[in-house]
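Reading through the structure tokens given below for one structure.
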Amino acid sequence: MKIQHSKQLQQYNSFRTKAVARLFCEPQSVDELTEVLKSFPHENILILGAGNNMFFTKDFDGLIIKPEMNEINIISEDENFAEIEAGAAVEWDNFVERCVSKGYSGLENLSLIPGSVGASPIQNIGAYGSEVKDTITLVKTVDIKTGEQKIFTNDECRFGYRDSIFKQTRRYIITSVIFRLSKSFTYVEKYIDLSRELKGNLSPSLTQVRKAIIAIRTRKLPDVNKLPNAGSFFKNPILTKDEKEALQNKIIDVPIYNIGENSFKTSAAFLIEKAGFKGKTNGKVGTYQNHALVVINLGTEDGKDILNFAQEIINEVDKQFGIKLEPEVWIF
Ligand SMILES: Cc1cc2nc3c(=O)[nH]c(=O)nc-3n(C[C@H](O)[C@H](O)[C@H](O)COP(=O)(O)OP(=O)(O)OC[C@H]3O[C@@H](n4cnc5c(N)ncnc54)[C@H](O)[C@@H]3O)c2cc1C
């Protein structure tokens, strides 16, 4: 496998910021991956998927590994379910489209999320009331420290809201993911916008649901190829009961979702908009006019400009509402 030196990363992150990796490689198989780990035992290692949830503020002094396992295999199937293994590099939305076209349900609400299959468990991607954790049975990985293969069951992945053991430890390279998808489909309303888009159709087909999700997302989110961005820049804040009440005292109509005992979620987009940042720009960075949570790059190649703008938002939301927003995006 070829090891590239001084690799420019601008085309490998959806914010299109410039940075150079000292070393870069694209292993096509688990064997190639373990080989490269053996050859560079002391390197600082970073794993890259399709780069839609990360950007660079400086050069990377180490080895970037971009897994290139591309296979999709049905590993078991009965009347009700299909178990499918997809390689880390498989493009997420191609995979969703394939599953929907075969009548396998479970992933349709996650249509059009940009990225790779390998990154999907990292932050437990979610949208429109669904999270990928509900379809994953196993995650196959290689341990960066030992070079050994390790398979995680769903429980062992310790999935949470935009979270998993992979995100917490950054120790495992995901090589493939195994999904268990249902061969039957009954639409259950999880998200009011989606039901509206379906225009009163109470029993839509899988394809109709996918189409509706694509229509909503296309309206709401900027196209990364035209307006570089990384989707939601911040996580929705999780609040205790006291924090929730303090926030409600400041903003009467703040949206609050009960997500467990003494645990509530509010909308980062709402807070950013309320703080006056929706559609606001500063130099070559701004937030998207249709969605305050999406930070957009209007022409800078320097990730520090994006970081500074994000910090402005964090400071202002904290000053006005006492809530500290945390980035969902990985910043290097
Ligand atoms: C327009 C837009 C809309 C978006 N909408 C959503 C949404 O609705 N819901 C949502 O959850 N996310 C959303 N995102 C974020 C993003 O699409 C997801 O996080 C996606 O999973 C990123 O995939 P990627 O392959 O680009 O990962 P990358 O950005 O390359 O990597 C993300 C993280 O995962 C790690 N990683 C990647 N691949 C592997 C691997 N094989 N093994 C170990 N670690 C790995 C990286 O080191 C990094 O820390 C959106 C992004 C954009 C640009």
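Per-residue Karplus couplings for segment 263-280, computed as 6.51 cos²θ - 1.76 cosθ + 1.60 with θ equal to phi - 60°, are listed in order as 9, 9, 10, 10, 9, 4, 4, 4, 5, 5, 5, 4, 7, x, 9, 5, x, 7 Hz, Gly and Pro entered as x.
Taking loop as defined by DSSP and a crowding limit of 12 other beta carbons within 10 Å, which GluC sites (Glu not before Pro) in segment 168-246 fit? The qualifying sites are E189.
Indicate the gyration tensor shape class of segment 72-220 (rounded, prolate or oblate), computed on the Cα atoms with a ≥ b ≥ c the square roots of the eigenvalues: a/c under 1.5 is rounded; otherwise a/b larger than b/c is prolate and the rest oblate.
Details: a/c = 2.23, a/b = 1.67, b/c = 1.33.
Judged from the Cα gyration tensor, segment 72-220 comes out prolate (a/c at least 1.5, a/b above b/c).
Remark: segment 65-73, residue by residue, has Karplus-estimated 3J(HN,Hα) of 10, 10, x, 10, 6, 10, 7, 10, 9 Hz, where x stands for each Gly or Pro and the curve is 6.51 cos²θ - 1.76 cosθ + 1.60 at θ = phi - 60°.
For segment 32-116, applying the loop criterion from DSSP together with a ceiling of 12 other beta carbons within 10 Å to the GluC sites (Glu not before Pro) yields E71, E79. Taking the alpha-carbon centroid of each part, what is the distance from segment 132-159 to segment 208-265 in angstrom? When both Cα centres are located, 27 Å separates them. Straight-line cross-link reach from K190 at under 13 Å between alpha-carbon atoms covers these aspartates and glutamates, not counting any fewer than eight positions away in the same chain: E108, E131. Rounded, prolate or oblate: pick one for the chain, where a ≥ b ≥ c are the square roots of the eigenvalues of its C-alpha gyration tensor, a/c under 1.5 means rounded, and failing that, prolate if a/b is larger than b/c, else oblate. It is oblate, given that a/c is not under 1.5 and a/b is not larger than b/c.
When only DSSP loop residues count, what GluC sites (Glu not before Pro) in segment 124-164 have their Cβ near at most 12 other Cβ atoms within 10 Å? If you can, show how the numbers build up before the last one.
Numbers: sites: E131, E148, E156; in loops: E148.
Hits after loop and neighbour filter: E148.
With θ taken as phi - 60° and the Karplus curve 6.51 cos²θ - 1.76 cosθ + 1.60 applied, the whole-hertz 3J(HN,Hα) list for segment 106-119 is x, 10, 4, 6, 9, 4, 6, 6, x, x, 10, 4, x, 8 Hz, x standing for glycine and proline. Taking 0.36 nm per residue of separation and subtracting the current Cα-Cα distance, fully stretching the chain between E79 and D155 would add 24.8 nm. Can you classify segment 4-65 as rounded, prolate or oblate using the Cα gyration tensor, where a ≥ b ≥ c are the square roots of its eigenvalues, rounded means a/c under 1.5, and otherwise it's prolate if a/b beats b/c and oblate if not? Prolate shape, in that a/c is at least 1.5 and a/b is the bigger ratio.
Distances between placed amide hydrogens fall under 5 Å for E326 paired with K235, all partners being 5 or more residues away or on another chain.
No lab work stands behind these numbers, since they all come straight from the coordinates. What you see is a predicted model, and the numbers here were worked out from it, not measured in a lab. With ideal geometry, Cβ positions are generated from the backbone for all residues, glycine too; neighbour counts draw on all protein chains shown.
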